[in-house]
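To keep things clear, I will list the structure first and then write my remarks on it.
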Amino acid sequence: MDTAWVAAERGGVGALEALQCSDGTTWLVSGGTDHVVQVWQVAQGRATPMLRFTHAAEVLALAVWEGQAGARVACAGSGGDEGGGYLGVWDLVTGAPVAQAWRAHDRWIPDIATWITHDGSVRLVSAAVDGTVRLWDPETGAALGDLTVAGSGPVNALATWTDPAKGARLAGGSEEAGILVWDLDTGALVNRLPASRVWSLAAWTARDGTLRLASGHTDGMIQIVDPESGDVSALSSAGHAGWVHSLATWVTTDDGHRLASASMDGTVRIWDLEIGEPVGQPLTGHIGGSESSMTAWTGPEGHGYLAVAAASGTIRIWDTDAHRVVDEPRTSHSAGVWAVTSWRTSEGRTHLATAGDGGSIRIRDADTGTEVTAPLVGHTAAVWCLVSWFDEHGRIQLASAGDDGTVRIWDPTAGTEQAVLTGHAGWIPALVHWTDSDGRPRLASGGADGTVRVWDPATGAAEQVVDCRPHLRWVLTLAVWPRSDGRTCLGVGGDDGIIRVHVLGDRARPWLSLDGQIGWVRSLTTWTGPDGRIQLASSGVSGLIRIWDAESGTPIGPSLTAHAGAVRSLVTWTDTAGRPMLASAGSNDSTIRRWDLQSGTAVGGPMTGHTGGVWNLDVWTSEDTTSGKSSAT
């Protein structure tokens, strides 16, 4: 079987930005998780593609400006599963590199911004999920300083403005320290504004000349704050039902301001900032994806234009004054596939379910690659994880979770959604299923809110919440296995590098803590060793694969090392000789490697073919009893 039988789909727009130049030209720039940057020229709301180039990383943030040296675009993102945050700067008109891509942070960069100094020079600021905030000369890539505040947690959003009396200011929205405000002329921290779990920011000068800052939060709230006094007001309570991940502002013909907010609930809302109320009905069906994907500008005729990227990869431009789409949908980027699972049908066929940036779930025949049902549609954003199982009646069930903060249960045979499970605040990177001692299926989901929720998928009831805070901010991987006394163990890995083992039903502290996986833990899997004891494998950012006795927490043998960079996925199976085997996926080196778990040695050379990193693996047994693997990138 040709391993490339599933072609790439459209999607994966990680960022959008617009720039109006002094010569009257309007530019629209899109960046994707496929590393591609597309530049469009816009006239009367219609976009014409002009050029495209490739960044060294997934493009998750953009900044555009016109300076003394011309029009520029800066790109930022991730070098592959926490493989560092990379910046690069290009000439917007020619596509020529200005400052070659460099590693600016040790973790991925969710936002960048610019400001103009007293002498007219443009400066660039970047923020990373490791809490670092750094200043740069975008023409040379030279570092100019560090504004990092200890204990801030991930800094997810940035906004800059110039106070006529006090100079350039920077706001940084963090997960743990609220909104931090710096004086960019001195580098001093001048204010801390209370706020919880900030993910997006936008700044503007109101009609009365006062400065305002809008913040979007993971609970769906949007707050308006005076960045000097700290006075806070919330927009109308009729807001979003999900994480607000993007904000954009523009000026109206009467010098008022509008705000657009995009949420993981699948809607974009437009607000009149003078009265704090929504304008018209929300735009639906045009937003989704794992990163910010919206930008706004005022056209020469005074109309406000809003470009919005859908999870499907299409970019639509709206005339917000005429309340209509003014351009045909544009596509330019390829979607990442983040999740895969398989099952055997009653007819003896193997079916694969895959999902990713596009938000829909596609089910294919594993031998032919042919889609066997219509896509399963319900998520309003990217899907990060899939699991499948047979219920008590022998019917196949499928669960999915991702950026919209929901766990969804599906009947993949009928192509119908059975339930939507809610409770997490923010996206869900981890999902695992098992059959409990009572013979009933169970699910556990791990979220970026630092909690694990245990579900009965038949009823949709949350049976237990395991709060992993303050040790973990983000739960990134889960595994479940039976302890020798018959109780169920839950292994939790996340952003602090420690694997914690909880006994389900016991609300005390973790039963075991396994310390030795350097950096974020991204994958856990289990199997039964030759002595009948459960063994656990872990992997993560360091590239090391560690083997543990799951009962005692004792390491077994040396680490398995072969990948260049992070190992994102692990999967185990038993070969025809009865030996336990392991496959590992490298999200940096784009290879799959196989291991004999009895000897702890690699089997054969690396399996290659992916070009954008391998993010997930699944294994099944084909009719000739050989093992087959599916990978996602």
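The values are calculated or read from the model by the stated rules, or taken from the named source; none is laboratory data. Just so we're clear, the structure is a prediction, and the values are computed from it rather than from any experiment. Note that we place each Cβ from the backbone using ideal geometry, even for glycine, and neighbour counts take in every protein chain shown. All accessible areas refer to the heavy atoms of the entire protein, side chains included, with ligands and DNA or RNA removed. Shrake-Rupley method; radii C 1.70, N 1.55, O 1.52, S 1.80 Å.
Taking amide H as placed 1.01 Å from N in the peptide plane, the amide H of Ala177 sits under 5 Å from none that are at least 5 places away or on another chain. Each of Phe390, Phe53 has its accessible area taken with a 1.4 Å probe; listed largest first, they run Phe390, Phe53.
Protein heavy-atom surface of the stretch 314-404, 1.4 angstrom probe: 47% of the accessible area is carbon and sulfur, with nucleic acids and ligands not counted.
The fraction of all Cα pairs in the stretch 30-129 landing in successive 5 Å bins from 0 to the largest distance is 3, 14, 24, 23, 19, 11, 6, 1, 0, given as whole percents.
Within the full protein context, the accessible area of His471 is estimated at about 110 Å² for a probe radius of 1.4 Å.
In this structure Tyr86 has an accessible area near 60 Å², from a 1.4 Å probe over the protein heavy atoms.
Of the peptides 501-512, 173-184, 117-128, 257-268, the order by per-residue mean of other Cβ atoms within 10 Å, starting with the highest, comes out as 257-268, 173-184, 117-128, 501-512.
Averaged per residue, the chain has 37 square angstrom of accessible surface, using a 1.4 angstrom probe with ligands and nucleic acids left out.
Remark: the chain is approximated by an ellipsoid whose semi-axes, taken from the C-alpha gyration tensor as √(5λ), come to 42, 25, 24 Å, largest first. Projected onto planes of every orientation and averaged, the convex hull of the alpha-carbon atoms in the stretch 361-519 covers 10.4 nm².
What a 1.4 Å probe finds exposed on the stretch 448-576 is 49% carbon and sulfur by accessible area, rounded to a whole percent.
Computed over every Cα-Cα pair of the stretch 92-198 and binned at 10 Å starting from 0, the pair-distance distribution P(r) comes out as 15, 47, 30, 8, 0 percent. Ranking of Arg568, Arg324, Arg473 by solvent-accessible surface, largest first: Arg324, Arg473, Arg568 (1.4 Å probe, protein heavy atoms only, all chains present).
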